[in-house]
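What follows is a single structure, written as structure tokens, with notes after it.
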Amino acid sequence: MNPVSARGSGRRTAPPRLRAALLSIVTGVVAVGTTVALASSASAGTTLGAAAAGTGRSFGAAVAVNRLSDSGYVGILNREFTSVTAENEMKWDATEPSPNQFTFASGDKLVSHAEAHGMRVRGHALAWHQQQPRWTTVLSGPALRNAMLNHVTQVATHYRGRIDAWNVVNEAFADGGSGGRRDSNLQRTGDDWIEAAFRAARAADPGATLCYNDYYTDGRNPKSDAVYAMVRDFTARGVPIDCVGFQSHFTAQSPVPADYQANLQRFVDLGVEVQITELDVEGSGSSQADSYSRVVRACLAISRCTGITVSGIRDTDSWRSSATPLLFDGNGTKKAAYTTTLDALNAGGTTVPPTPPPTTTPPTAPPPADGDCTASVSLSSWPGGFVATVTVTAGPAGLDGWVVGLTLPSGTTVTNAWSAQHTVATGDVSFRNVGYNATVGAGIGTEFGFQGTGDGPTGTTTCAHA
């Protein structure tokens, strides 16, 4: 059920461009018999993206970059959708074909297209047991763990600030009734590998929404219960997980479950967002149209169901094209499912509350002497490795360049750094500003980070004007 490669596991949504329309609140019944407040715009949206935007949500599509030269494909994409997800161009095999050698051209092309058309981007996927490059097949244990974390860090850092939401980890739980973790090379590096991936992603791209994504989790079953238990544990312990993605691939044998909305709601009750990430429905006609409508209405009934993404644009573009599962046929003609989806979006639902602006905590320590600075280190650690985030705070005179020094324990090596340049990788290490963060105003802070193997730095961290 879950897509591989051309199957496109990992189609994601991103938030929308909001319409400047007045919303009036009325009362009605939405999705699976639940009574909620409905948001009705002054004029109905004429496209999927515009209609979804009226409730504060996005409506996205999985996109193959090589189809951006197809005018019919691009015409529908630009008209109907407010977010994009790369089908394959951001996966491990596509972005790091050789160890620590990264290729971002295809992903960059999609991101640039999205930015040029006011769309947001959902990144897919940083860590997955499939579509790994061949060189990872000879790795195991700490070597594979460190390679995975380096990959997460480098890719998330490359796209830092340009990705709305990342599928950090994809499909880590087994199918069937066991409710356990999938036996994969990543799982065999240790049960905490998912947590380590999320911590590395947060350090590399603090502003992105971080999601766990999976299939066959749409209703309550042993697999969705296991994912729920993980999310509950993560939120209780402060592991940086922000949302759960539900792929939602439906067939005649596996239809939209009766408890679909209730299942989404129980995850929201843990304090995370939910997103429909790869929606497609096998079939045609009224049955398919009704299923799409049910999914949309369920999402609209939940205030923190923040977006819907369909798993392609036209039936012929689908990873299961013979099942005709999408909203447009092979000629790009709108199907009955398109109409019911648009109608459901225009009927409205609970409005997604705006994300509050980030808060900043001013330094509590007295400012250092004129021209000097202070540096503080926070660590996210796991057996055999760590990610360090360093905050540099300028004194009363401000800075036009800075250098931070710290000592690494024996056996510890810096594997990569961002927003700073470093000298050596072991022992006494110095980090200098890069061009864009050299100038720091009086009492203001700037951050850089680095990843390493072994134990994180301990002892005194120095900071001086460069």
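Where a number appears in this text, it was derived from the coordinates with a stated rule and is not lab data. Note that the structure is a prediction, hence the values are computed from the model and not measured. Please note: Cβ atoms are built from the backbone with ideal geometry, for glycine as well, and neighbour counts cover all protein chains shown.
If you wrap the tightest convex hull around every Cα atom of the chain and split its volume per residue, you get 149 Å³.
Hey, which lysines would be in cross-link range of Lys91, C-alpha to C-alpha under 29 Å, not counting anything within fewer than 8 residues on its own chain? Hits, sequence-local ones excluded: Lys109, Lys223.
Applying D = kT/(6 pi eta Rh) to the range 373-465, where Rh is the Kirkwood radius over alpha-carbon pairs, T corresponds to 37 °C and eta to 0.692 mPa s, the Stokes-Einstein value obtained is 251 µm²/s. Using the charge dipole of the chain (Lys, Arg: +1 at Cβ; Asp, Glu: -1 at Cβ; taken about the Cα centre), state which of Val227, Ile302, Pro206 has its Cα farthest towards the positive end. It is Ile302, whose Cα lies furthest towards the positive end.
Which value results when the Cα radius of gyration for the range 160-217 is divided by 2.2 N^0.38 Å?
Numbers: Rg = 12.8 Å, N = 58, 2.2 N^0.38 = 10.3 Å.
Against the compact-globule rule of thumb, the ratio is 1.24.
Evaluated with a Cβ-only charge set (Lys, Arg +1; Asp, Glu -1), the chain carries a dipole of roughly 620 debye about its Cα centre, given to the nearest 20.
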